[in-house]
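**Q** This structure is in structure tokens; I'll ask about it shortly.
The values are calculated or read from the model by the stated rules, or taken from the named source; none is laboratory data. The shown structure was predicted, so the numbers you read here are calculated from the model rather than taken from an experiment. Note that we place each Cβ from the backbone using ideal geometry, even for glycine, and neighbour counts take in every protein chain shown.
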Amino acid sequence: MEELNGHLEEMCLKELERKGVRSEMTRGELLAEERAAMLPLPRVRFDACARRSTIVGKDSLVRFEDNFYSAPVECAHHPCVVRGFVDRVEICVRERTVAVHDRSWEKGRYLTDWRHYVPMLKTKPGALSNGRPFKGEPWGKAFVRMERGLRERYGDEGTRQYVRILLLLARYPEGRVRWAVKRCVRRGVFSYDGVCSTLNYQPRRKIGGLDLSRRPELAGVGSGTRPAKTYDALLAGGEAGA
């Protein structure tokens, strides 16, 4: 599209160099004269898209041009506006863009984003195995290994822990959750608590030496380190030397 737009712009500029009909002036010169009588451009940029008003279905899908696009589950049953651009489809609820998908020019396709359905797992964990958005490995192999490890160790409880791990994606940045799961799998830690601990871990900051550059009178005092024999003297009832 960028190449095509560049070509069209070049052709339009060449067109301005041609003379107008029954005129000795070029079209560019005629345009310059007419601009004085033109209205100003709108402040808001025109969206080159097709707009449709509809409702998000109970399955969090919106139909547009014979295809189905997902929206977050909390938007189900809400009125929405679908904006179909050449390259993408945007779904807006209450004037807020809640979903963006690559536009499909085929028919009868379902374009779903698994992130839209993660909150649903809290009440419907069975959708993890049967839901269309969760087919394959949408979140990566580390999550698949985590799920397998949890089920092998804890059975049904492992599935519940795995769902809780997926729900972390709604509370933390996705990249950080992926990192935590991958790190736990690498270390053989298969538990919800392990992933949470990894997410919340804050490495200790290295404490450097004491900066005495502004207190030169203290520079020769010493490091404050004492040999262990000093404490032996104290235990023996003696006096420790400086």
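**Q** Using beta carbons and a limit of 9 Å, which pairs, at least six apart or on different chains, have the first residue in the range 125-142 and closer than 17 Å to residue 163 by Cβ and touching a residue at least 60 places away in the same chain (Cβ under 8 Å) and the second one buried (at least 16 other Cβ atoms within 10 Å of the Cβ) and acidic (Asp, Glu)?
**A** 133/113
**Q** Could you tell me which numbered condition residue 16 fails, if it satisfies all but one of (1) among the hydrophobic types (A, V, I, L, M, F, W, C); (2) at pLDDT below 90; (3) touching a Gly at 6+ places or on another chain (Cβ under 9 Å)?
**A** Single failed check for residue 16: (2).
**Q** Sticking with this structure for a sec: Working carefully through the options 133, 119, find the one that is in contact with a helix residue (DSSP H, G or I) (Cβ under 6 Å, 6 or more places away or on another chain), of a type outside the set (Phe, Trp, Tyr) and closer than 30 Å to residue 48 by Cβ.
**A** Going through 133, 119 in turn, just one is in contact with a helix residue (DSSP H, G or I) (Cβ under 6 Å, 6 or more places away or on another chain), of a type outside the set (Phe, Trp, Tyr) and closer than 30 Å to residue 48 by Cβ: 133.
**Q** Using beta carbons and a limit of 8 Å, which pairs, at least six apart or on different chains, have the first residue in the range 154-177 and within 13 Å of residue 190 (Cβ to Cβ) and the second one surrounded by 15 or more Cβ atoms within 10 Å (Cβ to Cβ) and small (Gly, Ala, Ser)?
**A** Listed pairs, sorted by first residue: 158/149; 161/191.
**Q** Here's a check for you: in the range 159-190, which residue that is on the phi < 0 side of the Ramachandran plot and outside any helix (DSSP H, G or I) is surrounded by the fewest Cβ atoms within 10 Å (Cβ to Cβ)?
**A** 171
**Q** Another question, then. How many of the residues in the range 133-158 are surrounded by fewer than 17 Cβ atoms within 10 Å (Cβ to Cβ) and farther than 21 Å from residue 112 by Cα?
**A** 9
**Q** Please enumerate the residues belonging to the range 171-195 that are among the small types (Gly, Ala, Ser) and within 22 Å of the chain's Cα centre (by Cα).
**A** Just the residues of the range 171-195 that are among the small types (Gly, Ala, Ser), to begin with: 175, 180, 188, 191, 194.
Once the filter is applied, which keeps residues that are among the small types (Gly, Ala, Ser) and within 22 Å of the chain's Cα centre (by Cα), the range 171-195 yields 175, 180.
**Q** Checking the condition in a helix (DSSP H, G or I) and within 30 Å of residue 122 (Cα to Cα), which residue from 34, 10, 74, 3 passes?
**A** 74
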